[in-house]
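Read through the structure below, which is laid out as structure tokens, and then see the notes.
Just so it is clear, none of the values below were taken in a lab; they were calculated from the coordinates. On a predicted model such as this, the values are computed, not experimentally measured, just so you know. Counting neighbours? That spans all protein chains shown, and the Cβs are built from the backbone with ideal geometry, glycine included.
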Amino acid sequence: MEEKILFKSGELELEGIFEKNFGDTGVVITHPHPLYGGDMYNPVVGVIAKAYRDKGYTTLRFNFRGTGESGGKHDNGTGEQEDLLSAVSYMNETGIKHVDISGYSFGTFVNAGAVGKGARARNMTMVSPPVAFMEFGPPVPLSCLKLVITGRYDEVAPVELVKKNLFQWNPEARLEVIEGTDHFYAGCLKKLEEVLSGFITPCNSENP
């Protein structure tokens with residue numbers, strides 16, 4: 001059962017939603033841009049959490065600094081990278097040795113930045129990386145990136161621009177395009193869950 005938690009990111013206290021599962025494998029999930037209403041309660045974030053949870057993963061979604069009841073203020077993705085690292089550390093402290101990272105929109109920007117600077121993740125998935133909205137900088141290799149999902153009509157994460165970035169992030173990663181939807185996946189949340197579920201390796205199985 002999911003429970004509200006608090007954990008530290010430096011001197012800040014962040015709020016999260018945590019669900020412990022059996023085993024030592026988990027996932028940290030990051031949310032869309034807080035200045036546009038994004039938080040850990042976003043429906044897409046909830047779908048990502050459910051897809052991993054149904055595969056046996058311990059899940060943690062949390063509010064970045066300055067969002068909801070989390071302390072501090074928005075830091076344009078820089079301080080948020082520290083928040084992600086703190087969330088991974090929290091998972092480790094609860095006995096989760098193998099941590100995946102997933103995110104939606106702005107969350108993928110934060111995740112890519114942190115991993116590009118050396119943050120460790122077993123596997124990483126992205127939903128709608130906002131490559132047409134935010135400056136990711138020169139693409140850096142993200143060997144842990146395994147799957148990117150976007151909508152056919154997503155203007156924030158347009159298919160061709162995502163393909164271009166993905167080739168430089170990890171050309172072996174898979175790209176899934178969900179037809180008939182845009183950045184918000186209205187009416188297509190079930191399809192999004194199906195795509196994620198079809199990709200995520202059950203945590204009691206060997207990694208591909």
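Using the Cβ of ARG174 as centre and a radius below 13 Å, the other residues enclosed give a net charge of 0, where K and R count +1 and D and E count -1. Close amide-amide hydrogen proximity is noted between PHE184 and no other residue 5 or more places distant or on a separate chain, at a cut-off under 5 Å (H modeled in the peptide plane; Pro and chain starts excluded).
Residues whose amide H lies under 5 Å from that of THR30, counting only those 5 or more places away or on a different chain, are SER102, GLY103, TYR104; hydrogens are built 1.01 Å from N in the peptide plane. Highest mobility in the GNM of the chain, judged by mean-square fluctuation with C-alpha springs under 10 Å and restricted to PHE22, PHE136, PHE62, is found for PHE22.
Give me the net charge for the shell around HIS183: Cβ to Cβ below 12 angstrom, other residues only, Lys and Arg +1, Asp and Glu -1. Please list the in-between numbers first.
Details: positive: ARG152; negative: ASP154, GLU155, ASP182.
Result for the neighbourhood of HIS183: -2.
Residues whose amide H comes within less than 5 Å of that of LEU175, counting only those at least five positions distant or on another chain, are VAL148 (H built at 1.01 Å from N in the peptide plane).
Here the Kirkwood formula, the inverse mean of 1/r across different C-alpha pairs, assigns the chain a hydrodynamic radius of 16.6 Å.
Have a look at the DSSP beta bridges in the range 3-199 and tell me what percent are antiparallel, nearest 5. Mind showing how you got there, number by number?
Working: 11 of 34 bridges.
The answer is about 30 percent antiparallel.
Each of SER143, SER105, SER9 was scored by other Cβ atoms within 10 Å of its Cβ. Listed from fewest to most, they are SER143, SER9, SER105. Here the Karplus relation 6.51 cos²θ - 1.76 cosθ + 1.60, evaluated at θ = phi - 60°, turns the backbone of the range 117-132 into coupling constants of 9, x, 4, 9, 9, 5, 9, 9, 10, 10, 10, 6, x, x, 5, 9 Hz, with x for every Gly and Pro.
Could you pull out the pairs from LYS97/LYS146; LYS8/LYS190; LYS4/LYS164; LYS4/LYS55 whose alpha carbons sit more than 28 Å apart here? Write down the numbers at each step before the final one.
Values: LYS97/LYS146 19 Å; LYS8/LYS190 33 Å; LYS4/LYS164 38 Å; LYS4/LYS55 21 Å.
Going by Cα-Cα distance, LYS8/LYS190; LYS4/LYS164 fall outside the 28 Å limit.
Largest GNM mean-square fluctuation across GLU193, GLU80, GLU11, computed for the chain with C-alpha springs under 10 Å, falls on GLU11.
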